[in-house]
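Each remark here refers to the structure printed beneath this line.
The values are calculated or read from the model by the stated rules, or taken from the named source; none is laboratory data. Small disclaimer: the values here were computed from a predicted structure and weren't measured. Glycine gets a Cβ as well: all are built from the backbone with ideal geometry, and neighbour counts include every protein chain shown. Each accessible area value is taken on the protein alone, full model and side chains, heavy atoms only, with ligands, DNA and RNA left out. Shrake-Rupley method; radii C 1.70, N 1.55, O 1.52, S 1.80 Å.
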Amino acid sequence: MRLKASTRYRKGILRIGQDAWVVVDRLVSSASHHYRLHWLLMDCPYDWEEENLKLNLQTPQGPYKIQFDTGGGVASLVRADPESPRGWQSPYYYDRIPALSLEKTAEASNATFWTLSGPGFKAIEMTDSGCIIELEQGITTIQFQNPSPVNSILVSAVHTGSFEDHITASS
């Protein structure tokens, strides 16, 4: 079965410094759809800051953070829901163990989901054309293009602080 209005999908992944990652998922269509971004994570102690859309994990290797952009959509976190498969991982057939299910959903024709993850970021601020990420090592400014099904998501990324780096997408 095909959708009446198809959706074009692009994913961008950018590593910042040694241990921070920005993942951008962009979906573009001529009609409204229900979009869902889902991360299935290890089961460990956590603190869910729902108002900031930030999950603070206490892993055996140390603290680790995951944060969604605070733009449109609804975010939720579920662990081991007894009434559904959400919040479980299945390493073997007919076996399940608890996991953290982090998702963000949106009803729209176009949607862009940002996920920032790593042990050492302090904050993310969305702007009209991208985001500003504050890390322990400095500040990274990312600019992206308006929704386009064919062009690169990234326009440029510039990091200033304990190290200097930049990237500019070619047209």
Test: residue in the range 69-86 that is open to solvent by less than 40 Å² (accessible area, probe 1.4 Å), in contact (Cβ under 8 Å) with a residue 24 or more places away in the chain, in contact with a Pro (Cβ under 9 Å, 6 or more places away or on another chain) and not polar (S, T, N, Q): yes
The listed residue being open to solvent by 50 Å² or more (accessible area, probe 1.4 Å) and in contact (Cβ under 8 Å) with a residue 40 or more places away in the chain, out of Pro63, Pro45: Pro63
Only listed residue being within 22 Å of Ile66 (Cβ to Cβ), β-branched (Val, Ile, Thr) and either out of contact with any His (no Cβ under 9 Å at 6 or more places or on another chain) or open to solvent by less than 80 Å² (accessible area, probe 1.4 Å) (or both), chosen from Thr105, Thr160, Thr168: Thr105
Test: residue in the range 3-23 that is open to solvent by 60 Å² or more (accessible area, probe 1.4 Å), of a type in the set (Ser, Thr, Tyr) and touching a residue at least 24 places away in the same chain (Cβ under 8 Å): no
